[in-house]
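Shown next, in C-alpha cells, is the structure this report addresses.
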Amino acid sequence: MKEAMFYEKLGDSKVKCNLCRHHCMINEGKNGICRVRQNRGGTLCSLVYRKLISENSDPIEKKPLFHFYPGSTALSVATAGCNFRCMNCQNYDISQLPKDQDQIVGKDTAPEKIVEDTIHHHCKSIAYTYTEPTIFFEYAYEIAKIASQKSIKNVFVTNGYITREALATIKPYLHAANIDLKSFSGETYKKICGARLEEVLDCIRSYKEMGIWIEITTLVIPEMNDSASELRQIAEFIRSVGPEIPWHVSRFYPQYRLMEKPPTPVETLRMARDIGLESGLRYVYEGNVPGEGGENTYCYTCKTALIKRYGYQIIENNVVNARCPSCDTAIDGAGI
C-alpha cells in the first residue's frame, strides 16, 4: 500500500480525495470512483502504486503528439484503472478492470526500473498513457522526478480531470500532454464519460497557464459530437486558449459499449479539419486515417508542407531550427 497524496481527513474515518475533479467523499473501506484509491482506517491509499500493467516503446506520434520531439519514441506505461467510464474506451480491458471485474493486477516495478527501461530503449520521453495517469499519480510522480534528473521528458495522455493542486505539484517534471476534449456538450460528457465538461475546459486552461505543452484530441463519433456547430465550438474554445495548440480530430471505430455506431466517415474528419483552420487554429490533424494527407504539418503562414507523415511514421521533415525554411515562420512546439 502507498498512502495517497491530495486528500483530507473528515472525521468518522471519512476522507475527501482531491486528486481529480470528482472530489470523491470516501467512507471507511470504500473506494473512489476510480476504484483504485481506497479508504483504509481513515487513510487514503493507492491500490496501484508500482503495479505496472502495460509497458511499450511507442512513437511519440501515437500519443498523439505531433509537435513534441517529432520522430522520437516514448516508453508508454500504465496501471489499471480510470476515473472515467467512457463507453467507447479502446483500452477498457485495463482501464475498466477494477470496475468491470473488481480486479487490480500488475507487475511490481520500481520507478527506477521504468527509467532504466526508458534509457535501454533509447526513448526520449516517458508517456503515462493507455489508462488515466491521474489515478496512478503517486507512481507517475516518482517516476517523473527520477526521469527528469536523467534529462528524460514526461508526457501525460489524459482525460483532463486532474485538480489544479495536483497538476501544479507535478508541473516541474511534466513537459507535455495530450488532452481529450470529447465533446462540447455537458450532457454528452455526463452520459458517455460520467464527467463534467466545464471541469475539463478549466483543466485545459490550467495546463496552458502552467506552461506545459498541450495538444488536444477529439474522437469524432457519428451522431454524437460530429455536427458542424459542435465541432466549431470545440475549435473556437481551443483557439481562445491558444491558436498554437494542435487539434487532432480522430476517426471513431466501434469499441466496448458503443458498438452500434459506425466508423466516422473521412469526409466528417475533413469537415472538422476545415472548421478548425477556419476558426484560426494553426495546426489541425486527421487521426486514424493514414495516407489521407491530414496527418501532415504545414506552415500556417505560407502553407509549405513541413512534416509529412504516414500513420505514426515521419516520411519527411523539412523544419529547420524550429522554423519554416520557406518563409522563416516559427513553428510551435518542443524539439521541432
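Think of a 1.4 Å ball rolled over the protein heavy atoms: the chain then has 41 Å² of accessible area per residue. Between the stretch 1-60 and the stretch 172-228, the alpha-carbon centres lie 22 Å apart.
Taking amide H atoms as placed 1.01 Å from N in the peptide plane, the amide H of C24 lies under 5 Å from those of C17, each 5 or more residues away in sequence or on another chain.
Neighbours of I315, meaning other residues whose beta-carbon lies under 11 angstrom from its beta-carbon, give a summed charge of 0 when Lys and Arg score +1 and Asp and Glu score -1. For the chain, the dipole from Cβ point charges (+1 on Lys and Arg, -1 on Asp and Glu) about the Cα centre works out to 560 debye, to the nearest 20.
Among the trypsin sites (Lys or Arg not before Pro) found in the stretch 282-336, those both in a DSSP coil and sparsely packed, with 14 or fewer other Cβ atoms within 10 Å of their Cβ, are K303. Any of K2/K107; K2/K150; K16/K145; K113/K171; K153/K182 with alpha carbons more than 18 Å apart? Name them for me. Going by Cα-Cα distance, K2/K150; K16/K145; K113/K171; K153/K182 fall outside the 18 Å limit. A cut-off of 5 Å between modelled amide H atoms, ignoring neighbours fewer than 5 places along the same chain, links L44 with A4.
List the trypsin sites (Lys or Arg not before Pro) in the stretch 73-170 that DSSP assigns to loop (not H, G, I, E or B) and whose Cβ has at most 10 other Cβ atoms within 10 Å. Which are they? Don't skip to the answer; put the middle values down first.
Values: sites: R85, K99, K107, K113, K124, K145, K150, K153, R164; in loops: R85, K124, K150.
When the trypsin sites (Lys or Arg not before Pro) of the stretch 73-170 are filtered for loop state and at most 10 Cβ neighbours within 10 Å, K150 remain.
Of the peptides 203-212, 173-182, the order by per-residue mean of other Cβ atoms within 10 Å, starting with the highest, comes out as 173-182, 203-212.
For the chain, modelled as a GNM whose springs connect Cα atoms under 10 angstrom apart, the maximal fluctuation among P246, P70, P262 occurs at P262.
Heavy atoms only, probe 1.4 angstrom, no DNA, RNA or ligands counted: give me I53, I245 ranked by accessible area, highest first.
Values: I53 45, I245 5 Å².
Descending accessible area places them as I53, I245.
What number, rounded to the nearest 500 deg cm²/dmol, is the helix-based mean residue ellipticity at 222 nm of the chain, given -39500 (n - 2.57) per DSSP H run of at least four residues and division by all its residues?
Numbers: 9 runs with 85 residues, N = 336.
Taken over the chain, the calculation gives -7500 deg cm²/dmol.
Taking the 1.4 Å solvent-accessible surface of the stretch 134-224 as the whole, the part contributed by carbon and sulfur is 47%.
Structural descriptor for the chain: relative contact order 13 percent, calculated from alpha carbon pairs under 8 angstrom and at least 6 residues apart.
Taking the Cα centre of the stretch 187-287 as origin, work out the dipole magnitude from +1 charges on Lys and Arg Cβ and -1 charges on Asp and Glu Cβ, in debye rounded to 20. Walk me through the intermediate numbers first.
On the way: 13 positive and 16 negative charges, 35 e Å.
Computed charge dipole of the stretch 187-287: roughly 160 debye.
Using a 1.4 angstrom probe on heavy atoms only, work out the carbon and sulfur share of the accessible area of the stretch 1-74 in %.
C and S atoms contribute 44 percent here.
The values are calculated or read from the model by the stated rules, or taken from the named source; none is laboratory data. Since the structure is predicted, the reported quantities are computational estimates derived from the model, not experimental observations. Positions of Cβ are backbone-derived with ideal geometry, glycine not excepted, and every protein chain shown enters the neighbour counts. Accessible surface is based on the protein model in full, side chains and every heavy atom, while ligands, DNA and RNA are left aside. Shrake-Rupley method; radii C 1.70, N 1.55, O 1.52, S 1.80 Å.
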